[in-house]
1. Which condition number does Glu77 fail, the rest of (1) assigned to a loop (DSSP other than H, G, I, E, B); (2) within 26 Å of Gln183 (Cβ to Cβ); (3) away from the ligand (no atom under 16 Å from the Cβ) being met?
2. Look at segment 162-178 and say how many of its residues are touching a residue at least 40 places away in the same chain (Cβ under 8 Å) and more than 12 Å from the ligand (Cβ to nearest atom).
3. Taking segment 249-274 as the region of interest, how many residues are in a helix (DSSP H, G or I) and of a type in the set (Asp, Glu)?
4. Being more than 14 Å from the ligand (Cβ to nearest atom) and not in a strand (DSSP E or B) is true for just one of Arg30, Arg56. Which residue is that?
5. Just checking, which of Leu181, Leu210, Leu133 is over 20 Å from Glu306 (Cα atoms) and away from the ligand (no atom under 15 Å from the Cβ)?
6. Go through the residues of segment 40-53 one by one and say whether even a single one is assigned to a loop (DSSP other than H, G, I, E, B), more than 26 Å from Trp190 (Cα to Cα) and open to solvent by less than 40 Å² (accessible area, probe 1.4 Å).
7. Starting from segment 38-54, take each residue that is free of Cβ contacts under 8 Å to residues at least 24 places away in the same chain and list its partners that are in a helix (DSSP H, G or I), counting only C-beta distances under 7 angstrom and pairs at least six apart or across chains.
8. Working carefully through the options Gly155, Gly148, find the one that is within 11 Å of the ligand (Cβ to nearest atom), in contact with a Lys or Arg (Cβ under 8 Å, 6 or more places away or on another chain) and touching a residue at least 12 places away in the same chain (Cβ under 8 Å).
Amino acid sequence: MARQANDLTPERIVRYEEDGPRVVLLDQRRLPVEQVELACRSAAEVAAAIHDMAIRGAPAIGVAAAYGLALAAETGEDVDEAAAVLGAARPTAVNLAWALEQMRDDPTPAHARALHEEEVERCRSMAAHAAELFRRGTRALTHCNAGGLATGGYGSAVGALRAAWELDLLERVWVGETRPLLQGSRLTAWELEAAGIPHAVIADSAAASLMAAGEVDCVVTGADRIAANGDTANKIGTYSLAVIASHHHIPLYVVAPTSTVDLVTPSGADIPIEERAPEEITTRFPARNPAFDVTPGELIAAIVTEHGVHRAPYASSLAALV
Ligand code: MRU
């Protein structure tokens with residue numbers, strides 16, 4: 001089968017169409033095999049698309065929820081009820097609640113589009129800041145997908161990799177496959193391939209031995225929620241990477257927009273962790289499926305937002321963001 005071109009504009013990832021009206025998104029469950037769009041005609045359908053991970057990644061689900069709320073307002077749904085349904089779709093990424101709060105006083109398509117554009121702009125700014133952390137020849141390891149698909153365009157951690165590549169600082173990317181839903185091997189690898197960035201997918205469990213062999217210079221990830229003390233929730237497996245990176249004296253950088261920073265949540269212990277269906281892991285045996293884990297701030301060498309590079313102690317460097 002011929003490969004379809006990967007032209008990942010923000011509008012291809014998620015958009016609002018007046019004709020319908022409807023929210024249209026690229027169904028990420030089908031990637032990279034097929035590029036299929038999913039049309040949502042109510043807030044409940046957008047919430048289901050978020051819950052079922054047709055669209056996923058913290059900033060992207062915030063953008064989708066913003067469009068979903070605009071859709072509800074345009075079609076005469078009860079906006080408060082729509083906000084409640086959208087807000088309950090997934091618990092960990094704070095961007096969902098953040099975007100709905102931003103939309104509350106002006107739930108229009110124009111406002112949702114502006115929020116989408118701003119989120120992509122934030123990615124470009126933070127990527128430029130994060131690139132400062134790279135040295136020529138860097139071999140970076142990333143986890144999950146923090147690319148354009150996850151942010152509505154350009155990407156946070158993958159945006160940083162793109163910026164570093166353009167500055168000729170990046171040699172290659174190790175892509176953790178990211179069990180159980182394979183956001184790394186399906187989505188990140190697809191985005192890096194399109195960007196022409198040398199990469200190789202690794203089993204999640206191969207990271208430690210690559211580090212021990214001296215083949216990893218830094219770990220770069222996105223985030224779903226950053227607590228006031230710098231503790232960071234991200235895709236399950238990030239904490240393990242942080243521990244083994246620390247053991248090998250390799251820095252772990254978190255790249256995320258301020259829409260992911262939750263100063264109301266004091267520490268990682270207060271972040272709700274989504275438990276997903278056991279069937280994502282096995283249909284035969286009992287299973288436990290936490291979708292995220294929390295990396296303590298002390299294992300994070302820097303948190304990069306659109307405002308710059310923030311270092312420990314995060315309680316003060318993040319507080320300065322407000
Ligand atoms: O379950 P997902 O695929 O929504 O999880 C996404 C992640 O954990 C990403 O790393 C995170 O949202 C950062 S995306 C810019």
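The values are calculated or read from the model by the stated rules, or taken from the named source; none is laboratory data. Here the structure is a predicted model, which is why all the values come from computation and not from measurement. In this analysis, Cβ positions are derived from the backbone assuming ideal geometry, glycine residues included, and neighbour counts consider all displayed protein chains. What goes into the accessible areas is simple: the full protein's heavy atoms, side chains included, and nothing from ligands, DNA or RNA. Shrake-Rupley method; radii C 1.70, N 1.55, O 1.52, S 1.80 Å.
1. Of (1) assigned to a loop (DSSP other than H, G, I, E, B); (2) within 26 Å of Gln183 (Cβ to Cβ); (3) away from the ligand (no atom under 16 Å from the Cβ), only one is false for Glu77: (2).
2. Result for segment 162-178: 1.
3. Number satisfying all stated conditions: 1.
4. The unique qualifying residue is Arg30.
5. Testing whether each residue is over 20 Å from Glu306 (Cα atoms) and away from the ligand (no atom under 15 Å from the Cβ) leaves just Leu210.
6. yes
7. Filtered contacts from segment 38-54: Leu38/Ala49.
8. Testing whether each residue is within 11 Å of the ligand (Cβ to nearest atom), in contact with a Lys or Arg (Cβ under 8 Å, 6 or more places away or on another chain) and touching a residue at least 12 places away in the same chain (Cβ under 8 Å) leaves just Gly155.
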